[in-house]
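The values are calculated or read from the model by the stated rules, or taken from the named source; none is laboratory data. It should be emphasised that the depicted structure is a prediction, and the values quoted were computed from it without experimental measurement. In this analysis, Cβ positions are derived from the backbone assuming ideal geometry, glycine residues included, and neighbour counts consider all displayed protein chains. When the accessible area is computed, the model is the full protein with side chains, heavy atoms only, and any ligands, DNA or RNA have been set aside. Shrake-Rupley method; radii C 1.70, N 1.55, O 1.52, S 1.80 Å.
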Amino acid sequence: MDTRVAIIGSGPSGLMLGQLLHRAGVEAVVIDNKSPEYILGRIRAGVLETVTVDLLDEAGVGDRLHAQGLVHKGINVAFGGTRHRIDFEGLTGRHVVVYGQTEVTRDLMEARIACGAASVYEVQDVRIEGCETERPLVRYRKGGSEHELRCEFVAGCDGFHGVCRQSLPAQAYRTYERVYPFGWIGLLSDTAPVSDELIYANHERGFALCSMRSPSRSRYYLQCTLAERVEEWPDERFWAELKLRLDPEVAERLVIGASIEKSIAPLRSFVVEPNSEPGSSGPSSSTWSDRARRRPRWPKATWACRSRIERPHNRRRQTMSIRKATGAALCTLLGMSVAWPAAGEQTVKIGLILPMSGPFAGYGRQIENGVRLYLKQHGDTFAGRKVELLVKDDTGVAPEISKRVAQELVVGDKVDILAGFGLTPSAFAVAPIATEAKKPMIVMNAATSAVTTKSEYIVRTSMTLPQITAPIASWAAKNGIRKVFTVVADYGPGHDAEAQFKKTFEGAGGVVVGEVRTPVKNPDFAPFLQKVKDTRPDAVFLFVPAGEQGVGFMKGFAERGLAKAGIRLIATGDLTAELVLDAIGDPALGVINSFHYAESHNSPENKAFTEAWYQSYGPDRPDFMAVAGYDGMHLIAETLKKTGGNTDADKFVEAAKGMKWISPRGPVSIDPATRDIVQTIYIRKVERVGNKLQNVEFDQVPDFRDPGKP
């Protein structure tokens with residue numbers, strides 16, 4: 001399919017851009033990985049400034065807005081039980097309109113259908129290629145088939161976690177982010193609003209907001225902790241807490257009723273700024289409006305789309321007076337609403353650097369959830385110091401981003417401890433910062449053996465690749481496998497796995513008959529699998545990062561008939577991690593692997609861990625990264641108890657050395673010499689247990705340290 005503009009994302013920004021381009025005679029195609037019903041089911045904010053209303057009119061979708069929208073000429077802010085009204089219209093001559101974002105989206109969708117413009121929903125595996133060329137290409141899967149969208153411009157309207165931001169070179173833009181140590185729980189109910197205008201309330205118990213969607217539908221928000229879950233907020237508790245945070249007059253007239261939607265949103269500020277091109281005075285991203293003025297060198301992905309082809313600057317200035325009139329008051333309100341520690345209580349700040357977007361986002365989610373589960377079970381105060389988590393997204397294999405966010409955490413946020421690190425490049429990039437700033441650095445996944453040698457302040461609670469590879473190599477040699485072909489990802493952990501397997505396997509009399517290294521990003525396994533098949537080994541040993549690569553390899557392994565040719569598959573447990581085991585499905589049955597944690601591990605500690613996990617995060621399955629995050633927080637808690645709450649890096653690391661505890665994975669300890677974890681490595685086989693695929697342990701190597709270190 002050919003088009004002028006490919007718009008990725010069908011929220012209000014993508015649909016608005018598509019509508020404006022259509023009215024300007026510019027062809028565009030909108031694609032989204034969700035269904036229209038899902039998109040329209042998302043509850044979002046609903047306060048529109050006049051400039052936005054004008055734009056909707058210009059797009060030809062303002063009729064229902066004017067018929068049903070609620071005009072607000074001001075807002076109320078409350079401090080100390082007293083409300084103060086800010087008169088927008090009196091101060092600026094402008095007003096705002098309450099009209100739900102869901103309704104804006106619906107209007108834009110219907111307009112797009114009415115004009116016959118192309119929209120493709122429920123697509124999968126979106127990839128952007130050729131961003132640096134004049135004809136970028138968007139690939140995606142739909143209905144089991146591959147599709148291509150050839151275009152001149154790609155408009156990235158798919159949000160923070162979307163594919164577009166990940167597709168740009170890291171040097172193309174800068175990001176500025178602040179993650180707040182609290183969230184908002186929002187409740188939607190079919191009750192009359194408590195006020196004709198919005199009320200923003202500051203209270204010692206936390207922030208509250210009274211809003212509405214219509215004369216008969218209300219939306220309310222309360223500040224809450226990030227550790228809390230929606231299930232902990234029944235309607236009765238929400239209404240009672242809201243009344244406590246409002247002034248008595250408003251609380252008295254509050255109409256309560258059953259909720260029709262309730263959710264908790266973590267809060268952050270996030271700004272993306274384009275870098276300048278070498279030798280150019282403009283931004284590196286090409287937008288439609290500057291196409292006529294210059295030919296951009298790269299890239300064509302418009303991650304910061306303008307809503308119009310050309311927007312007069314006076315429109316923007318017209319909204320500034322409203323912002324000036326309310327900005328200081330609201331900033332003060334929100335700033336004062338943070339639940340700061342009580343007098344005399346000192347906060348310990350932990351900066352979590354994790355891949356929260358892109359192909360490795362599952363890593364970040366598992367580790368963060370493991371950390372938060374520990375805090376939920378054991379409290380958020382260690383040795384008299386309240387824990388504050390600051391989560392930063394490094395997007396995956398992007399060491400320059402990991403380094404930058406670590407610097408921001410150390411210099412700007414003044415964290416006491418750095419933690420997380422989903423992949424080795426991230427840990428390597430941040431290690432010098434930990435050394436220079438003298439900050440303890442707790443590695444919760446990155447598994448290259450050398451990680452702990454990069455800073456004397458690193459302690460690791462996950463594993464190393466040599467540690468989980470040597471046992472499967474020994475098992476293979478003892479169980480009739482004589483010839484092996486190794487396939488590993490081409491980065492530090494893969495190199496470690498390759499070297500350790502060869503050392504252990506050949507030391508036991510086996511022969512490695514072939515070796516290949518696959519790209520870390522978007523590998524095509526087909527040629528490698530064919531090479532393995534042509535070599536006809538007894539088995540192939542595999543290491544790839546846990547996640548979608550394992551799914552792709554297993555699919556290719558089955559399709560190319562390697563199993564039917566008598567070639568066995570052995571691997572580290574990354575391949576069959578619970579994160580992806582269900583996605584692999586039956587082709588995983590019978591795979592022998594070695595690893596340090598399985599959801600099915602039989603122990604009281606793991607039973608308690610998995611039950612608590614499903615109560616908090618079901619239906620997501622816990623995997624080895626969740627346990628590493630959980631154990632990482634245990635290490636921090638117990639070390640702070642030993643130091644009396646002191647986070648001095650030298651004292652902290654010294655106290656952590658030799659620490660022992662019973663983890664959900666089994667007995668573990670910190671090697672005093674290497675600061676790596678010592679643990680049991682299990683030999684497992686994938687079997688169906690009840691209605692689930694599980695890694696079933698049948699052998700073990702207890703108290704196994706990293707063989708990659710002397």
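Quick notes
- Residue count for segment 638-648, restricted to those that are in a helix (DSSP H, G or I), surrounded by fewer than 20 Cβ atoms within 10 Å (Cβ to Cβ) and in contact (Cβ under 8 Å) with a residue 40 or more places away in the chain: 2
- Qualifying residue in segment 380-398 (condition: in a helix (DSSP H, G or I) and either modelled with pLDDT under 95 or open to solvent by less than 20 Å² (accessible area, probe 1.4 Å) (or both)): no
- Members of segment 222-232 that are at pLDDT below 95 and assigned to a strand (DSSP E or B): Q223, C224
- Taken across segment 350-371, residues that are at positive phi, at pLDDT below 95 and either of a type in the set (A, V, I, L, M) or over 14 Å from the mean Cα position of the chain (by Cα) (or both) do not occur at all.
- Residues that are surrounded by fewer than 23 Cβ atoms within 10 Å (Cβ to Cβ) and part of a helix (DSSP H, G or I), drawn from segment 585-612: D586, P587, P604, E605, N606, K607, A608, T610, E611, A612
- Checking each residue in segment 662-691 for being open to solvent by 20 Å² or more (accessible area, probe 1.4 Å), part of a strand (DSSP E or B) and either at pLDDT below 95 or aromatic (F, W, Y) (or both) picks out no residue at all.
- If you go through segment 672-691 and pick out every residue that is under 23 Å from M441 (Cα atoms) and touching a Ser or Thr at 6+ places or on another chain (Cβ under 9 Å), you end up with 6.
- Number of positions in segment 83-121 that are surrounded by 14 or more Cβ atoms within 10 Å (Cβ to Cβ), of a type outside the set (F, W, Y) and over 18 Å from L17 (Cβ atoms): 13
- Among the residues of segment 483-492, none qualifies, meaning not one is farther than 26 Å from T680 by Cα, open to solvent by 30 Å² or more (accessible area, probe 1.4 Å), under 25 Å from the mean Cα position of the chain (by Cα) and basic (K, R).
- Wholly enclosed strands (runs of 3 or more DSSP E) of segment 122-206 bearing at least 2 residues open to solvent by 20 Å² or more (accessible area, probe 1.4 Å) and out of contact with any Pro (no Cβ under 6 Å at 6 or more places or on another chain): 124-129, 137-142, 145-150, 173-189
- Residue match in segment 328-338 (condition: more than 13 Å from the chain's Cα centre (by Cα) and at pLDDT 90 or above): no
- Residues satisfying the stated conditions in segment 7-65, i.e. free of Cβ contacts under 8 Å to residues at least 60 places away in the same chain and surrounded by 17 or more Cβ atoms within 10 Å (Cβ to Cβ): L48, T52, V53, L56, A59, V61, G62, L65
- Scanning segment 90-108 for residues being part of a helix (DSSP H, G or I) and farther than 21 Å from S214 by Cα gives a total of 3.
- Comparison of L20, L48, L108, L91 shows that the only residue that is within 30 Å of V194 (Cβ to Cβ), under 32 Å from the mean Cα position of the chain (by Cα) and not hydroxyl-bearing (S, T, Y) is L48.
- The residue that is farthest from L48 (Cα to Cα), counting only those in segment 1-26 that are touching a Ser or Thr at 6+ places or on another chain (Cβ under 8 Å) and hydroxyl-bearing (S, T, Y), is S10.
- Residue ID - farthest from G666 (Cα to Cα), chosen from residues in segment 592-605 that are in contact with a Lys or Arg (Cβ under 7 Å, 6 or more places away or on another chain) and of a type outside the set (S, T, Y): I592
- Just one of the listed residues (A437, A447, A470) is aliphatic (A, V, I, L, M) and surrounded by fewer than 24 Cβ atoms within 10 Å (Cβ to Cβ), namely A437.
- Which listed residue is modelled with pLDDT of 90 or more and on the phi > 0 side of the Ramachandran plot, from G90, G81, G116: G116
- Options G100, G74, G25: the member that is modelled with pLDDT under 90 and of a type in the set (G, A, S): G100
- Residues satisfying the stated conditions in segment 207-236, i.e. open to solvent by 30 Å² or more (accessible area, probe 1.4 Å) and closer than 24 Å to G80 by Cβ: Y221, T225
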